[in-house]
Amino acid sequence: MVKENKTISIINQDSGYLMIDIANAFVENGFKVNLVTGRLVQRNKSLHPNVRIINIVKYNRNSTFKRAATWGLATLQLLLLAWFRLRKTHLLIVSNPPTATLLPLVIKNSYSLLIYDVYPDALVEYNIFKKDSYLIKKWQKVNTKIYKEAATILTLNEGMKNRLAKYIFKDNIAVVPIWTDNSFLKPISKENNPFVIEHKLQDKFIIMYSGNLGKTHNIEILISLAEMLKDESSYILIIGGGTQFTKIQSLIKQKELKNIKLLPWQPVEKLPFTLASADIGVVSLGSEASNLSIPSKTFNLMSVGTPILSISEVDSALGKLIEEYKIGQNFKNTDVKNILHFVESLTEDKELRSSYSANSLKASKNFGPNNAFKIVKTCMQNI
């Protein structure tokens, strides 16, 4: 049973529909809820009016310096909040900013951890620090203490659970995958899709990447693919923003490519139409993060029934998901010829494309908003 006036504070510097679902689920289970965040992106579901928003600095991913600066400032703000405004609340700490998970070293709150990115492991994988550096060794050492004293530890998949087992017994880690919302995202025919009509893409076979254009995402491979495509109806659409946006823009112009378009981030209300415009959805994950995450866009693409072209390591969690549900194919980032063959096969074989599409839509039903209640239920057993 939930104690009377039990309050939980959810900490996540960059919040969207996942945090909204979690916060709302806590409210429905009798909690008072604070959402501590730098940005809140609302889609079709609004944050429950009883959830109190506490603002911190917004995460800025435009450069390494800005990332580090906004992570550092956010951590300082979180520390002050935990010391003063949030002293009597249970904290659900999401690994964003990464240093938020270190707060338990200097605060007295009870806490749970929701690990979407494994730190400091990710800093080593991305070659930001060496694995034998003092900072990494110290961080890994304190992780053992922090994880041991957490009321609940949750993560996204078995690969990440295995990574976390270096800090805590696996039996103490609960796996709850990311989810999507089939009431917000669903298949839409091209002739009825206002985004497709706006950009005059009704007669195109669209290979789409929608998401962050960071240095760990293999976006340049799409430039190579555009150069190799022979079918004039095949069209690559890239939507997003990040450190590689200008570089991709320059490459398209330099190579005078007519079968590829780069667009900035689109308004969230257009998301159902942008995703549904894709005949193939591209999900790219650098080799460094192959077992550290599955991009949430994967599940959103599944909701609109899109076959998925996955670019990641063969043994990645993403690749295993693609194989398990037979929703597309996974390729290494050097395998451009086979990627081209996959695209061409789906262009020509409508039956194969329909099979992947049906599998994708069916699989999406296994990753619905009920997962938010699984998180809440797991936490309630321990707090």
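A few notes on this one:
- Inter-residue pairs, beta-carbon under 6 Å, first more than 12 Å from residue 261 (Cβ to Cβ) and in segment 197-221, second surrounded by fewer than 19 Cβ atoms within 10 Å (Cβ to Cβ) and among the charged types (D, E, K, R), 6+ apart: 202/190
- Residue list for segment 117-146, filter: surrounded by 21 or more Cβ atoms within 10 Å (Cβ to Cβ), in contact (Cβ under 8 Å) with a residue 40 or more places away in the chain and of a type in the set (Ser, Thr, Tyr): none
- Residue pairs whose Cβ atoms lie under 7 Å apart, separated by 6 or more positions or on different chains, with the first residue in segment 348-363 and part of a helix (DSSP H, G or I) and the second surrounded by 13 or more Cβ atoms within 10 Å (Cβ to Cβ) and polar (S, T, N, Q), are 357/306; 360/306.
- Some residue of segment 293-300 being touching a helix residue (DSSP H, G or I) at 6+ places or on another chain (Cβ under 6 Å), outside any helix (DSSP H, G or I) and under 30 Å from residue 44 (Cβ atoms): yes
- Some residue of segment 52-63 being more than 20 Å from the chain's Cα centre (by Cα) and modelled with pLDDT under 95: no
- Residues in segment 226-265 that are under 19 Å from residue 277 (Cα atoms) and in a helix (DSSP H, G or I): 226 alone.
- If you check 166, 161 for being surrounded by fewer than 14 Cβ atoms within 10 Å (Cβ to Cβ), within 30 Å of residue 151 (Cβ to Cβ) and not assigned by TED's automatic domain parsing to the domain that holds residue 316, only one passes: 166.
- Any chance residue 213 is within 19 Å of residue 304 (Cα to Cα) and in contact with a strand residue (DSSP E or B) (Cβ under 6 Å, 6 or more places away or on another chain): no
- Residues of segment 96-146 that are of a type in the set (Gly, Ala, Ser), at pLDDT 90 or above and within 25 Å of the chain's Cα centre (by Cα): 100, 112.
- Flag for residue 219 being touching a Leu at 6+ places or on another chain (Cβ under 8 Å), crowded, with 21+ Cβ neighbours inside 10 Å and farther than 30 Å from residue 39 by Cα: no
- Sole residue being outside any loop (DSSP other than H, G, I, E, B), aliphatic (A, V, I, L, M) and buried (at least 20 other Cβ atoms within 10 Å of the Cβ), chosen from 36, 27: 36
- Among the residues examined, residue 182 qualifies as touching a Gly at 6+ places or on another chain (Cβ under 8 Å), within 30 Å of residue 379 (Cα to Cα) and of a type outside the set (Lys, Arg).
- Index of the failed condition, residue 185 passing every other in (1) assigned to a loop (DSSP other than H, G, I, E, B); (2) touching a Leu at 6+ places or on another chain (Cβ under 7 Å); (3) assigned by TED's automatic domain parsing to the domain that holds residue 265: (3)
- Looking only at segment 58-116, and only at residues there that are basic (Lys, Arg) and outside any helix (DSSP H, G or I), the one that is surrounded by the most Cβ atoms within 10 Å (Cβ to Cβ): 61
The values are calculated or read from the model by the stated rules, or taken from the named source; none is laboratory data. As the structure is a prediction and not an experimental result, all values here were calculated from the model. Quick reminder, even Gly has a Cβ in these numbers, built from the backbone with ideal geometry, and neighbours come from all protein chains shown.
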